[in-house]
Amino acid sequence: MALLGIEQGIQSFLEPFLLDAATPAGALRIHLYTNNHTPTIGDTLANYTECTDPMYPAVSMTGANWSFANNAGVCTATYQQITWNFGGNVTLYGYYVTDAANGKVCWAEKFSTPINLGSGQGLILIPQLTLQ
């Protein structure tokens with residue numbers, strides 16, 4: 001499935017950028033979710049069940065860790081590799097990104113198939129956004 005921008009979060013981080021607001025949106029955080037949910041534009045945090053594995057943390061996304069490429073009017077932003085390790089069995093359906101300042105979901109992506117991991121296994125994710 002393709003990445004989907006969530007209405008409440010897109011507005012949350014676009015407004016300060018476009019309007020040059022004095023109070024920018026908070027840092028972004030990336031989370032993994034464990035319920036079989038297909039993201040929709042009207043989602044809120046209530047639509048996602050965050051992973052509860054004892055070794056799993058949500059990850060703060062630092063602005064300096066994004067790289068950008070522009071090719072014939074297509075801009076791609078790629079975040080550095082994020083690695084999670086797990087202490088038990090877990091099934092992951094996707095990830096969602098929140099604005100840490102207000103907890104709104106900015107975007108989400110469901111994996112093409114669920115990812116089943118066992119104790120001691122890990123997941124590597126390289127988030128990427130493309131605008132054209």
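The values are calculated or read from the model by the stated rules, or taken from the named source; none is laboratory data. No experiment lies behind these values; they were computed from the predicted model shown. Every residue, glycine among them, receives a Cβ derived from its backbone with ideal geometry; neighbour counts consider all protein chains shown. The protein model used for the area step is the full one, side chains on, heavy atoms only, and it has no ligands, DNA or RNA in it. Shrake-Rupley method; radii C 1.70, N 1.55, O 1.52, S 1.80 Å.
With the structure loaded, tell me whether P16 is at pLDDT below 95 and either surrounded by 15 or more Cβ atoms within 10 Å (Cβ to Cβ) or assigned to a helix (DSSP H, G or I) (or both) or whether it fails that test.
Answer is yes for this residue.
If you take the residues of segment 25-71 that are open to solvent by less than 50 Å² (accessible area, probe 1.4 Å) and β-branched (V, I, T), which of them is farthest from the chain's Cα centre (by Cα)?
My answer is T34.
Here is a check on your reading of the model: is A22 exposed (fewer than 10 other Cβ atoms within 10 Å of the Cβ), at pLDDT 75 or above and outside any strand (DSSP E or B)?
In short, no.
Residues to consider are K110, K104; find the one that is closer than 20 Å to L123 by Cβ, at pLDDT 80 or above and basic (K, R).
K110
Consider segment 109-132. How many of its residues are touching a Ser or Thr at 6+ places or on another chain (Cβ under 9 Å), outside any loop (DSSP other than H, G, I, E, B) and over 14 Å from A58 (Cβ atoms)?
11
Restricting attention to segment 91-108, and to residues there that are surrounded by fewer than 18 Cβ atoms within 10 Å (Cβ to Cβ) and not small (G, A, S), which single residue is nearest to Y56 (Cα to Cα)?
The qualifying residue nearest to Y56 (Cα to Cα) is T91.
Would segment 88-96 turn up any residue that is over 16 Å from A27 (Cα atoms), small (G, A, S) and touching a Ser or Thr at 6+ places or on another chain (Cβ under 7 Å)?
Yes, there is a match, as at least one residue in segment 88-96 is over 16 Å from A27 (Cα atoms), small (G, A, S) and touching a Ser or Thr at 6+ places or on another chain (Cβ under 7 Å).
What single numbered condition from (1) touching a residue at least 40 places away in the same chain (Cβ under 8 Å); (2) open to solvent by less than 50 Å² (accessible area, probe 1.4 Å) fails to hold for I115?
Against the list (1) touching a residue at least 40 places away in the same chain (Cβ under 8 Å); (2) open to solvent by less than 50 Å² (accessible area, probe 1.4 Å), I115 comes up short only on (1).
For segment 77-84, state whether one or more residues are open to solvent by 30 Å² or more (accessible area, probe 1.4 Å), modelled with pLDDT under 90 and touching a strand residue (DSSP E or B) at 6+ places or on another chain (Cβ under 8 Å).
Yes, there is a match, as at least one residue in segment 77-84 is open to solvent by 30 Å² or more (accessible area, probe 1.4 Å), modelled with pLDDT under 90 and touching a strand residue (DSSP E or B) at 6+ places or on another chain (Cβ under 8 Å).
Checking N70 against (1) touching a Lys or Arg at 6+ places or on another chain (Cβ under 6 Å); (2) free of Cβ contacts under 8 Å to residues at least 12 places away in the same chain, which test does it fail?
Evaluating N70 over (1) touching a Lys or Arg at 6+ places or on another chain (Cβ under 6 Å); (2) free of Cβ contacts under 8 Å to residues at least 12 places away in the same chain leaves (1) as the failure.
Would you confirm whether any residue within segment 118-125 is touching a residue at least 60 places away in the same chain (Cβ under 8 Å), open to solvent by 50 Å² or more (accessible area, probe 1.4 Å) and closer than 25 Å to D43 by Cβ?
no
Please work out if Q128 is in contact with a helix residue (DSSP H, G or I) (Cβ under 7 Å, 6 or more places away or on another chain) and open to solvent by 30 Å² or more (accessible area, probe 1.4 Å).
When the stated conditions are applied, Q128 does not pass them.
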